[in-house]
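Following: one structure in structure tokens, then a few remarks.
Each value in this text was obtained by applying a stated rule to the coordinates, not by laboratory testing. Because the structure is predicted, anything quoted here is derived from the model rather than measured. Note that each Cβ is placed from the backbone with ideal geometry, even for glycine, and that neighbours are counted across all protein chains shown.
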Amino acid sequence: MREEEESPRIGRRQRERATREEEDEIPAHLKGADFKTLQDMIARGIQGAESGATQLEADLRDDEAELRRRKESQQHRREEENARKLKDREKARERRKKEQEDRERRQALELQRQEDEERRAREEQEAIKAQCARELRAVVRIQARFRGRRSRRGLVTPWPPAAVAKLHAEPWAQLLC
């Protein structure tokens, strides 16, 4: 043991030689056999090897069939996955399209609302200006009548008059309320 520990190569060589000798040994019942018996035994060994090879080939064919089925299954799964992804992408595209249409519709409604408010404000402003213009004409007629009466009576109206009619921004009717 001590020698084997010191030199592992020697132990390995001895083991290799012993293994070769065991492989090369002829079984005891064949040592005295004639040529025909040995030939029959070799033929049986060859047939056994060939049947083992055919069995191996059958196993390989079975394995190939299993591999083919597995590949087909994987291919089918990949195709299903791709179809699902495509369907998901299409759904997402449709969802984004719908969201965009909703957003555009809301923006159009908001724009329409703003335009209506601006139009309404313009109309109100025009109505206020028209009311102020009517009131100015009325005031001017009243002042003219008042000055005409005073002048026919012979009363002198001081110039410039104390009250002069001017166009105003808010109607008098609202100011009086």
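Taking 0.36 nm per residue of separation and subtracting the current Cα-Cα distance, fully stretching the chain between A121 and A43 would add 16.7 nm.
Stretching E94 away from A130 to a fully extended chain increases their span by 7.7 nm, per 0.36 nm per residue minus the current alpha-carbon distance.
Shown here is the pair-distance distribution of the range 76-177: with all Cα-Cα distances grouped in 10 Å bins from zero up to the longest one, the shares run 12, 19, 15, 11, 10, 9, 8, 7, 5, 3, 2, 0 percent. A cut-off under 12 angstrom between Cβ atoms defines the neighbours of R93, and their net charge, with Lys, Arg +1 and Asp, Glu -1, is +3.
For D63, D34, the sequence from fewest to most other C-beta atoms within 10 Å is D34, D63. Projected label points at E66 and V156, each 7 Å from Cα along the beta carbon direction, are separated by 13.3 nanometres. Counting charges near Q107 (Lys, Arg +1; Asp, Glu -1) among other residues having Cβ under 14 Å from its Cβ returns a value of -2.
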